[in-house]
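The structure under discussion appears below in the form of structure tokens.
The values are calculated or read from the model by the stated rules, or taken from the named source; none is laboratory data. This one's a predicted model, so the numbers in the text were calculated from it and none came from an experiment. Please note: Cβ atoms are built from the backbone with ideal geometry, for glycine as well, and neighbour counts cover all protein chains shown.
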Amino acid sequence: MENSLLPSDLPSRIRFRHLSCFVAIAQERNLRRAAERLHLSQPAVSKTLGELEALAGVQLVERGRQGARLTAAGEQFLRHAVVVTQALESATAALMGSGETSTPVVHVGALPTVASGLLPQAIAELHAQRPHAGVRLRTGTNAELLAALKAGELDFVVGRMAEPTMMHGLSFELLYAEALALVVRPQHPLALSASGAVSMQGVLDYPLVIAAPDTVPRHHTEALFQTHGLRLPAGVTETLSVSVARLLARRSDAVWITPERAALDDLSQGWLTRLNLPTPGTAEPVGLLRRSAATPSELAGAFMDTLRVFAHAALDKAH
């Protein structure tokens, strides 16, 4: 943490209860839930947070109706608080373990489209190499996953870069870039067109399945229609669920607009087909995100290596 945030005697005055309370608030993003997790009353959590902020001389958490949100100083402090609390918890577990080895678990965050495309084969390979290793996978929006990563809930995230303010304390390693694809069932009228010509205007004659608002795929979908002088119609299905989207496309005349790797298995099996419509300008990089100051566990490092292998193999195959 920057020296400007630290009174000179703060290291000797801060206590582990301050750190654990602050990390719980950052992870739960709500004082009440943090109190329940710590088995404390909400006033006790609020008092402990107040003590920490008084010691630091700066506000770390903004409280409001929408919950608790970290300030810029709180984001900065969190990077170090997570490292300290995790180190002490690991040391305590080692002392209490009486020499017994616990089952290693890697905590991974992934965008839904990435989770359905890249993660299954990588997890299968990891389990083939390490049958007793556990994988705890969380999916969500990029913003949700990065917040959980910063709070120490995840070892790493397979996602997208965010605006600079959200990337403080995080590093990004490119795995691949993918564009949008418009996919339908093989018997779809657009797929059976005798001329093979498909237009974006023609796509609007059918139900659309698109990404949820405030996501990168949604932004690119809207931009794609705008380049053709069109707007998204009313009555679209908006979802982050790949399983719902793919089944809608397979069982109806819906057109699924998705990052291409999310539909890769269905396309390779012939359950869905890609419309012959170019999607220029929709490519978006996907990569590994982790806390810059943290050293990944041996298992997390091995799993990231596996993801790199499969991501690069897919790129080689595509070329």
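What helices (runs of 4 or more DSSP H) lie completely within region 35-137 and have 3 or more residues being at pLDDT 85 or above?
42-56, 112-117, 119-129
Scan region 232-239 and tell me whether some residue there is assigned by TED's automatic domain parsing to the domain that holds SER268 and within 15 Å of LEU275 (Cβ to Cβ).
Taking region 232-239 first, the residues assigned by TED's automatic domain parsing to the domain that holds SER268 are 232-239.
Applying the additional criterion that residues be within 15 Å of LEU275 (Cβ to Cβ) yields none.
No - not one qualifying residue is present in region 232-239.
So which of ALA262, ALA245, ALA311 is surrounded by 15 or more Cβ atoms within 10 Å (Cβ to Cβ) and in contact with a Gly (Cβ under 6 Å, 6 or more places away or on another chain)?
ALA262
Note down all Cβ pairs under 6 Å where the first residue falls in region 153-179 and is under 17 Å from THR306 (Cα atoms), the second is at pLDDT 90 or above and in a loop (DSSP other than H, G, I, E, B), and they're at least six residues apart or on different chains.
Close Cβ pairs (under 6 Å, with a partner that is at pLDDT 90 or above and in a loop (DSSP other than H, G, I, E, B)) amount to GLY159/LEU111.
How about region 136-159: which of its residues are more than 8 Å from the chain's Cα centre (by Cα), of a type outside the set (A, V, I, L, M) and surrounded by fewer than 20 Cβ atoms within 10 Å (Cβ to Cβ)?
ARG136, GLU153
Table: residues versus (1) in contact with a Phe, Trp or Tyr (Cβ under 6 Å, 6 or more places away or on another chain); (2) more than 28 Å from HIS127 (Cβ to Cβ); (3) hydrophobic (A, V, I, L, M, F, W, C); (4) in contact (Cβ under 8 Å) with a residue 60 or more places away in the chain.
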position	(1), (2), (3), (4)
LEU204	no, yes, yes, no
ALA234	no, yes, yes, no
VAL255	yes, yes, yes, yes
LEU275	no, yes, yes, yes
PRO278	no, yes, no, no
SER297	no, no, no, yes
ASP305	no, no, no, no
ARG308	no, no, no, yes
ALA311	yes, no, yes, yes
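Of these, LEU154, LEU190, which one is among the aliphatic types (A, V, I, L, M), in a loop (DSSP other than H, G, I, E, B) and farther than 22 Å from THR258 by Cα?
Being among the aliphatic types (A, V, I, L, M), in a loop (DSSP other than H, G, I, E, B) and farther than 22 Å from THR258 by Cα holds for just one of LEU154, LEU190, which is LEU154.
Can you confirm whether region 185-196 contains a residue that is in contact (Cβ under 8 Å) with a residue 60 or more places away in the chain, in contact with a helix residue (DSSP H, G or I) (Cβ under 7 Å, 6 or more places away or on another chain) and within 28 Å of ARG291 (Cβ to Cβ)? Quick ask: steps written out before the conclusion?
Going residue by residue through region 185-196, those that are in contact (Cβ under 8 Å) with a residue 60 or more places away in the chain are 185-186, 188-191, 196.
If we keep only those that are in contact with a helix residue (DSSP H, G or I) (Cβ under 7 Å, 6 or more places away or on another chain) as well, we get 185, 190.
Going one step further and asking which of them are within 28 Å of ARG291 (Cβ to Cβ), we end up with none.
Within region 185-196, not a single residue is in contact (Cβ under 8 Å) with a residue 60 or more places away in the chain, in contact with a helix residue (DSSP H, G or I) (Cβ under 7 Å, 6 or more places away or on another chain) and within 28 Å of ARG291 (Cβ to Cβ).
Picking from ALA24, ALA87, ALA34, ALA54, which residue would you name as being under 20 Å from the mean Cα position of the chain (by Cα) and either farther than 17 Å from GLU144 by Cα or surrounded by 14 or more Cβ atoms within 10 Å (Cβ to Cβ) (or both)?
ALA24
Could you grab me the full set of residues in region 186-205 that are surrounded by 15 or more Cβ atoms within 10 Å (Cβ to Cβ) and either in the same structural domain as LEU289 (by TED's automatic domain parsing) or farther than 29 Å from ASN142 by Cα (or both)?
HIS188, LEU190, ALA191, VAL198, GLY202
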